[in-house]
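Participant: Handing you a structure now.
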Amino acid sequence: MKHTISVYFHNNFNALSRIIGLFSGRGFNIDSVSFGEAKEKGMARMTITTRGDEQIIEQINNQLDKIVDVVKVVDLTYTPFVERELALIKVKSTPDTRAEITEVVNVFRAKIIDISPETLTIEVTGKKDKVIAAIGMLNPFGLLEVARTGTVALKREFTGAT
Amino acid sequence: MKTAEIVVQKNGTMEPQPRRRTNLLHSVTGQRMTGSEILLKALGDEEVEVIFGYPGGVVLGLYDALHRKAPPFKHILIRHEQGGTHAADGYARATGRTGVVLVTSGPGATNTVTGIATAYMDSIPLVILTGQVPAGLIGNDAFQEADIVGITRPITKHSYLVKDVQDLEQAVHEAFYIAKTGRPGPVLLDLPKDMLFAKSRYEGQRKIRIPGYNPVGDGQRQRIAEAAALLNEAKRPLIYAGGGVILGGAASELTELALKSGIPVTTTLMGLGAFPGNTEQSLGMLGMHGTWYANMAVSECDVLLAIGARFDDRVTGRLDGFSPKSKKIHIDIDPSCVNKNVKVELPIVGHVKSILPELTKLARPLKISGWRQQIATWRSTHPLRYRMREDKIMPQFVLEKISEVTNGDAIVVTDVGQHQMWAAQYCTFNRPRSWLTSGGLGTMGYGFPAAMGAAIGCPDRDVICICGDGGFQMTTFELATAVEYKVPVKVLILNNGYLGMVRQWQELFYGGRYSHSELGSGNPDFVMLAQSYGAIGYRGEKPDDVMPVLKQAMRIKDRPVVMEFLVAQEENVYPMVPAGAALTEMVDTDQPVA
């Protein structure tokens, strides 16, 4: 089962290596990773999506927590949370196909961020399934390159009940 | 957010205090000094008594500072960094203090890797100080450069690369704090040469604040009550105690609980000595080479109380066959240990020293005479036994004699292999920190240097090291260190001319094809080898030689002694749980019961 884990840690190269090394060293699975500076100075947040049964996930959470530089580990999977991914997609495009491609782009509320006589570069953000669908729809036109980020996620604070 | 805000008192206690700030007015607070001097001062503040080290290029400045002003601790010059790391490890296990190693960059650092991994697997507190090339050269493939922080990342609890001399003092104090608290482990400090020459002010304050590291836990009251209830109802309870009891200094708390409740106790290899071995209540070791009765007890019990143990594969055998009839309580300081291999009904995370007394308060003396009778029956039908021979020394015989000759009071250290298992079976341990062995990693070559480190840490105790002819040859060179510092370690080589454990497996599972496991043709004359270093050497070839040689050796107090006993060549360790088998599928010796 897919899990999204948010790790809040001291931002140094050593901590980063330890966290990633933990996964490879113990045979845990990483589907995607994204990492960047957090709000506080010197701290960083990493969002990891991984798969495993309950026992494995508990192990992953505990082993992450054990790392001295890691301050907080939150398994977002069972709480309400928002998640987003971004993809940059370079598509083959001739003047004939350009209009069609633009149509697809509009459906996904994506943006064309670069244009050349032969190509279009498109930026798509959204949940993972939306990004996958966008790439799938653009595939028939001829994908030249795709650059994807990992998932970033934060807990939802207000779920509507008062 | 979890935070540990600790102020360390000058007397060395490291328990977290509730927000009391003590300004330590150090004698040199505010003085400017080099990184080397700061490091030595900080080590002194940590009340380090011994460090094991070997000089080299990038630490010359540090060694010069050691020479110019004698530090408050002793520096032992070892002969190989691996030996030094094992020595610091043995020192730590015997004394309960943190072992300290000092080596140079590149090959000096990489030579410590095996020793660090050994300590990591057994949760031993070590601080490893490695020199490093100047910070500006890092990453340039400089002379004697190695990314030791990267190499040891998976085998250290934490590590530091201290590029700025202003961070050095704090890093040292944090390193010692992290090494010793929670589940102990090795911490590495990588120290670039230029940083050690740079100057900064000495603070003299040990304020530790590591958000995200909060190792203290007391277990939940509710859980402890539930555990007590479970134990008090049990008909066939068993205590399974591991190395964590000894590391947590909780042997007397465990003994109190066991004596009050009357629950039989079995220990892991690492837990030997946590409960006195010379009682009927003690079932000896369990697991792959554990006693028959301990393994049967584990398999038939209805409540298993695991304390400071991690359900390692050497103990459990095939997981689906491990203790199938029991409800399990697991007391451990490390939450990641819980439910890792074996599903546990009642985990209690916290410090064993504070949890056990709470449990003992609620425990009652149990009426389990039927269970005790059952265990006694197993013990009488399958005791530990071997065939005594007139013409050849039996290794088990030698080990039985050790307890006799030392009054059960010595520190026994082993290397790795058959002799290690026989020592665990046939030696009796009545107090903690009397038994040192590489359990988790199983490192050959560990025994002798670790024994040396233990002897240096505990000069008032006899230290006996049991090795095979294979393991001793891996770290023989530390004889030079032992002779130089007059360390009276007694080394006992059980020489069977083979890599014994490998030979046993080749005999039992590989059709007796002894592929490259015979050492006899290349072995040195161990007596001459010892003498060439200035140590004393004895040889025993017949069973009647054993006691006289042992007694003679115990009298020597000013240099190491090597006793070589030529033992029976094709002996096997029994009982044995074959790989992939359940504990109940033990194979015992076919030697009849006396």
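So that you can scan it fast, the table gives a plain yes or no per residue for (1) out of contact with any Phe, Trp or Tyr (no Cβ under 9 Å at 6 or more places or on another chain); (2) free of Cβ contacts under 8 Å to residues at least 12 places away in the same chain:
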position: A:Phe9; (1), (2): yes, no
position: A:Ala15; (1), (2): no, no
position: A:Asp31; (1), (2): yes, no
position: A:Asp53; (1), (2): yes, no
position: A:Glu58; (1), (2): yes, yes
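Participant: What are the residue pairs meeting all of these: first residue in region B:346-375, first residue in contact (Cβ under 8 Å) with a residue 40 or more places away in the chain, second residue part of a strand (DSSP E or B) and aromatic (Phe, Trp, Tyr), Cβ atoms under 6 Å, and 6 or more apart or on different chains?
Facilitator: Correct list of pairs: empty, since none qualify.
Participant: Take B:Ala455 and decide whether it is surrounded by 24 or more Cβ atoms within 10 Å (Cβ to Cβ), assigned to a helix (DSSP H, G or I) and in contact with a Leu (Cβ under 7 Å, 6 or more places away or on another chain).
Facilitator: Numbers: surrounded by 24 or more Cβ atoms within 10 Å (Cβ to Cβ): yes; assigned to a helix (DSSP H, G or I): yes; in contact with a Leu (Cβ under 7 Å, 6 or more places away or on another chain): no.
Here the answer is no, as B:Ala455 does not meet what is asked.
Participant: For region B:380-396, which residues satisfy the criterion of being within 21 Å of B:Cys467 (Cα to Cα) and not in a loop (DSSP other than H, G, I, E, B)?
Facilitator: B:Ile393, B:Pro395, B:Gln396
Participant: Consider region B:421-463. How many of its residues are aliphatic (A, V, I, L, M) and under 24 Å from B:Met576 (Cα atoms)?
Facilitator: The first filter runs over region B:421-463 and keeps only residues aliphatic (A, V, I, L, M), leaving B:421, B:423-424, B:436, B:441, B:444, B:450-452, B:454-456, B:463.
Going one step further and asking which of them are under 24 Å from B:Met576 (Cα atoms), we end up with B:421, B:423-424, B:436, B:441, B:444.
Residues flagged as aliphatic (A, V, I, L, M) and under 24 Å from B:Met576 (Cα atoms) within region B:421-463 amount to 6.
Participant: For region B:75-97, how many residues meet the condition of being over 11 Å from the mean Cα position of the chain (by Cα) and in a loop (DSSP other than H, G, I, E, B)?
Facilitator: 4
Participant: Right, A:Phe9: closer than 15 Å to A:Val73 by Cβ, part of a loop (DSSP other than H, G, I, E, B) and out of contact with any Cys (no Cβ under 9 Å at 6 or more places or on another chain) or not? Break it down into steps so the answer makes sense when it comes.
Facilitator: Working: closer than 15 Å to A:Val73 by Cβ: yes; part of a loop (DSSP other than H, G, I, E, B): no; out of contact with any Cys (no Cβ under 9 Å at 6 or more places or on another chain): yes.
Judged against the criteria, A:Phe9 is not a match.
Participant: Among the residues of region A:17-35, write down those that are crowded, with 17+ Cβ neighbours inside 10 Å and either farther than 27 Å from B:Val162 by Cα or more than 11 Å from chain B (Cβ to nearest Cβ) (or both). First the steps, then the outcome.
Facilitator: As a first pass, look at region A:17-35 and keep what is crowded, with 17+ Cβ neighbours inside 10 Å: A:18-19, A:22-23, A:28, A:33-35.
Those that are crowded, with 17+ Cβ neighbours inside 10 Å and either farther than 27 Å from B:Val162 by Cα or more than 11 Å from chain B (Cβ to nearest Cβ) (or both): A:Phe23, A:Phe28, A:Val33, A:Ser34, A:Phe35.
Participant: Of all residues in region B:562-586, count the ones that are over 19 Å from B:Ala423 (Cα atoms) and either of a type in the set (Val, Ile, Thr) or assigned to a helix (DSSP H, G or I) (or both).
Facilitator: 3
Participant: Sticking with this one: Can you tell me which residues in region B:175-226 are of a type in the set (A, V, I, L, M), more than 14 Å from every other protein chain (Cβ to nearest Cβ) and assigned to a loop (DSSP other than H, G, I, E, B)? Working first, answer last.
Facilitator: Start the filter on region B:175-226 by keeping residues that are of a type in the set (A, V, I, L, M), which leaves B:175, B:178-179, B:187-189, B:191, B:195-196, B:198, B:208, B:210, B:216, B:224-225.
Filter once more, so that each one left must be more than 14 Å from every other protein chain (Cβ to nearest Cβ): B:191, B:195-196, B:198, B:216, B:224-225.
B:Ala198, B:Val216 - these are the residues of region B:175-226 that are of a type in the set (A, V, I, L, M), more than 14 Å from every other protein chain (Cβ to nearest Cβ) and assigned to a loop (DSSP other than H, G, I, E, B).
Participant: Right, something else. Can you tell me which residue within region B:355-385, out of those that are more than 31 Å from the chain's Cα centre (by Cα) and basic (Lys, Arg), is nearest to B:Leu230 (Cα to Cα)?
Facilitator: Among them, the one singled out is B:Arg364.
Participant: Report, by residue number, each residue of region B:301-342 that is aliphatic (A, V, I, L, M) and away from chain A (no Cβ under 14 Å). So that I can check it myself, show each step before the final result.
Facilitator: Step one: filter region B:301-342 for residues aliphatic (A, V, I, L, M), giving B:303-307, B:309, B:315, B:319, B:329, B:331, B:333, B:338, B:342.
The answer is B:Val303, B:Leu304, B:Leu305, B:Ala306, B:Ile307, B:Ala309, B:Val315, B:Ile329, B:Ile331.
Participant: What are the pairs with Cβ atoms under 6 angstrom where one residue, in region B:163-187, is in contact (Cβ under 8 Å) with a residue 60 or more places away in the chain and the other, located anywhere, is outside any helix (DSSP H, G or I) and basic (Lys, Arg)? Sequence gap at least six, or different chains.
Facilitator: Qualifying pairs under 6 Å: B:His173/B:Arg206; B:Gly185/B:Lys157; B:Val187/B:Lys157.
Participant: Quick one: what pairs do we get from region A:120-134, first residue in contact (Cβ under 8 Å) with a residue 40 or more places away in the chain, second crowded, with 16+ Cβ neighbours inside 10 Å and part of a loop (DSSP other than H, G, I, E, B), C-beta under 6 Å, 6+ apart or different chains?
Facilitator: Pairs found: A:Ala134/A:Phe108.
Participant: Restricting to region B:117-168, and then to whatever is surrounded by fewer than 18 Cβ atoms within 10 Å (Cβ to Cβ) and at positive phi, can you tell me which residue is nearest to the other protein chains (Cβ to nearest Cβ)?
Facilitator: This residue is B:Gly139.
Participant: Answer yes if at least one residue in region B:398-407 is touching a Ser or Thr at 6+ places or on another chain (Cβ under 6 Å), hydroxyl-bearing (Ser, Thr, Tyr) and within 21 Å of B:Asn295 (Cβ to Cβ), and no otherwise.
Facilitator: Quick first cut of region B:398-407, residues touching a Ser or Thr at 6+ places or on another chain (Cβ under 6 Å) only: B:403.
Within this subset, residues satisfying the condition of being hydroxyl-bearing (Ser, Thr, Tyr) are B:403.
Restricting the remaining residues to those that are within 21 Å of B:Asn295 (Cβ to Cβ) gives none.
Looking through region B:398-407, none of the residues is touching a Ser or Thr at 6+ places or on another chain (Cβ under 6 Å), hydroxyl-bearing (Ser, Thr, Tyr) and within 21 Å of B:Asn295 (Cβ to Cβ).
Participant: Of everything in region A:69-114, what is of a type in the set (S, T, N, Q), touching a residue at least 40 places away in the same chain (Cβ under 8 Å) and surrounded by fewer than 15 Cβ atoms within 10 Å (Cβ to Cβ)? Give them in sequence order.
Facilitator: Step one: filter region A:69-114 for residues of a type in the set (S, T, N, Q), giving A:77, A:79, A:93-94, A:97, A:102, A:106.
Remaining after also requiring touching a residue at least 40 places away in the same chain (Cβ under 8 Å): A:77, A:79, A:93, A:97.
Within region A:69-114, just A:Thr79 meets the criteria.
Participant: It is to be established whether one or more residues within region B:105-115 are surrounded by fewer than 24 Cβ atoms within 10 Å (Cβ to Cβ), outside any helix (DSSP H, G or I) and of a type in the set (Val, Ile, Thr).
Facilitator: Of all residues in region B:105-115, those surrounded by fewer than 24 Cβ atoms within 10 Å (Cβ to Cβ) come to B:106-107, B:110-111, B:113-114.
Subsequent filtering for residues that are outside any helix (DSSP H, G or I) retains B:106, B:111.
Those left that are additionally of a type in the set (Val, Ile, Thr): none.
No, region B:105-115 contains no residue that is surrounded by fewer than 24 Cβ atoms within 10 Å (Cβ to Cβ), outside any helix (DSSP H, G or I) and of a type in the set (Val, Ile, Thr).
Laboratory data are not the source of any read-out in this text; all were calculated from the coordinates shown. Source: prediction; values computed, not measured. We place every Cβ from the backbone using ideal geometry, glycine too, and count neighbours over all the protein chains shown.
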